[in-house]
Amino acid sequence: MVLKLPAVYYRQRYAAEGGLLSCGYDILEHFRGGANYVDRILKGEKPADLPVQAPNRFELLVNLKTGNALGLTIPSSIVGPTDEVIE
């Protein structure tokens, strides 16, 4: 059943597979940061002394093909700053 509803996702792969937009962090970079924490703990640092980290870069992907199929016009103010555009 196809509902033809625009959707915004947190992972790029969903927009690449037909979603309208995705805005989220790079999951691989997040895992690398986790590996860095493990390395620091194994080298003797106390977990309580490690700083809390959050993603500092978010990626925006716009699927214009999906937008056109839904009859939507995506404004240039959204398309302009995107990291990736699917046409």
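The values are calculated or read from the model by the stated rules, or taken from the named source; none is laboratory data. Nothing here was measured: the structure is a model prediction, and the numbers come from that model. Don't worry about glycine lacking a Cβ; one is built from the backbone with ideal geometry, like all the others, and counts go over all protein chains shown.
The set of residues in the stretch 24-38 that are in a helix (DSSP H, G or I) and of a type in the set (S, T, Y) contains only Y37. The residues of the stretch 1-23 include none that are in a strand (DSSP E or B) and either exposed (fewer than 12 other Cβ atoms within 10 Å of the Cβ) or among the acidic types (D, E) (or both). Given the structure, is G80 loosely packed, with under 13 Cβ neighbours inside 10 Å, at pLDDT 95 or above and not hydrophobic (A, V, I, L, M, F, W, C)? Taking the combined requirement at face value, the residue does not satisfy it. Scanning the stretch 39-77 for residues that are surrounded by fewer than 10 Cβ atoms within 10 Å (Cβ to Cβ) and β-branched (V, I, T) yields V52, T73. Taking every residue in the stretch 68-83 that is within 16 Å of A15 (Cα to Cα) and pairing it with any residue that is assigned to a loop (DSSP other than H, G, I, E, B), at least 6 positions away or on another chain, the pairs with Cβ-Cβ distances below 7 Å are L70/K4; L70/P6; L72/P6.
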